[in-house]
Amino acid sequence: MDAIISVKNLSKTYASGQHALKNVSLDIRRGEIFALLGPNGAGKTTLISIICGIVNPGSGIVLADGHDIITEYRKTRSIIGLVPQELTTDVFESVGATMSFSRGLFGKPPDDAYIEKVLRDLSLWDRKDTKIITLSGGMKRRVLIAKALAHEPRILFLDEPTAGVDVELRRDMWNMVRGLRESGVTIILTTHYIEEAEQIADRIGIINHGEIILVEDKHTLKRKLGRRQLKLTLRNPISRIPEGFSEFKLELTPDGMTLVFDFDANAGETGIAGLLKRLDERGVDFSDVNSSESSLEEIFVNLVRNGN
Ligand SMILES: Nc1ncnc2c1ncn2[C@@H]1O[C@H](COP(=O)(O)OP(=O)(O)OP(=O)(O)O)[C@@H](O)[C@H]1O
Ligand SMILES: [Mg+2]
């Protein structure tokens, strides 16, 4: 795999004693959109901040395009752009000046055409002379994105880009993210929402309590998430699955008391209705039915939806 970011055995303990990252290893592929999903306090911002050189790592190694983020800090910072979770920019500057200044900081020559393009893409062009302090929250967020793109980074981090953002900005942002990906930029974003990760990302990583729980291709993850089981407790034990059920993915527990049916909850037709009808026709009586979710879905529900 061609990794543009390679994180190896990264741990971080803040001065407060908080273990924010525990032995995290993760590779980000060149050119992908990667969503880091996890509840509040999981360690998402800490991980991103370390890669971007804002927070010191405790132990471990991080390479960005083959360069060590500690010993080759200037090089790695120049290829990385960060849209931070919190608004942090000089609010008394104008929109255009902030972007030009940021570009200059990275030693890039002025390029008015590029700056105009980014500001237009973010619907900020008519505000280029406006002081940031006078902008609304959503507009300030657009400025942060413009600022992060000022030096034409090859890797863009977006930390909670859609928190508190309206539909229009979200749409602009996703269009921009897709456009950047097409031009070869690698994008890593954090989110609390599985739906959002599913919409935009190529791969999804789940982090909780400072540990990466899983990293999976979006489509594989969707398939796994959709897999459910229906358990039918039989009134009378049977020794094998009767004839006439071959089209159903059925298993019989060794005690002969339970039929387990695997189905895809995402499919339009789960097959449950057909199975129940067939059981009735064949005189297989059952006393109880229950459905279990895949363990992955349990992880999601517990960790992500309920916040844990
Ligand atoms: N500067 C800091 N000093 C001490 N502890 C910190 C600091 N920053 C973060 N933490 C702690 O480290 C843990 C991870 O925090 P982090 O901000 O990385 O989580 P997160 O996944 O980004 O959460 P959120 O979804 O709320 O943004 C938390 O327990 C947090 O309280
Ligand atoms: Mg965060």
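The values are calculated or read from the model by the stated rules, or taken from the named source; none is laboratory data. What you see is a predicted model, and the numbers here were worked out from it, not measured in a lab. We place every Cβ from the backbone using ideal geometry, glycine too, and count neighbours over all the protein chains shown.
Miscellaneous remarks
- Exactly one residue out of Val95, Val143 is within 28 Å of the chain's Cα centre (by Cα) and surrounded by 16 or more Cβ atoms within 10 Å (Cβ to Cβ): that is Val143.
- Once the range 21-35 is narrowed to residues that are within 16 Å of Ala3 (Cα to Cα) and surrounded by 21 or more Cβ atoms within 10 Å (Cβ to Cβ), the residue that is nearest to ligand 1 (Cβ to nearest atom) is Val24.
- Pairing each residue of the range 189-206 that is crowded, with 18+ Cβ neighbours inside 10 Å with any residue that is at pLDDT 85 or above and of a type in the set (Ser, Thr, Tyr), provided the two are 6+ apart or on different chains, yields C-beta distances under 6 Å for Ala197/Thr191.
- Hits in the range 94-130 - residues which are small (Gly, Ala, Ser) and farther than 28 Å from Tyr73 by Cα: Ser94, Ala113, Ser123
- The condition (being modelled with pLDDT of 90 or more, over 20 Å from Leu10 (Cα atoms) and hydroxyl-bearing (Ser, Thr, Tyr)) is satisfied by just one residue among Thr162, Thr220, Thr191, Thr186: Thr186.
- Residue match in the range 210-217 (condition: hydrophobic (A, V, I, L, M, F, W, C), at pLDDT 95 or above and crowded, with 16+ Cβ neighbours inside 10 Å): no
- The range 125-179, residues that are of a type in the set (D, E, K, R) and more than 19 Å from Glu196 (Cβ to Cβ): Asp126, Arg127, Lys128, Asp129, Lys131, Lys140, Lys147, Glu152, Arg154
- Restricting Ile54, Ile50 to residues that are surrounded by 15 or more Cβ atoms within 10 Å (Cβ to Cβ), β-branched (Val, Ile, Thr) and within 13 Å of ligand 1 (Cβ to nearest atom) narrows the list to Ile50.
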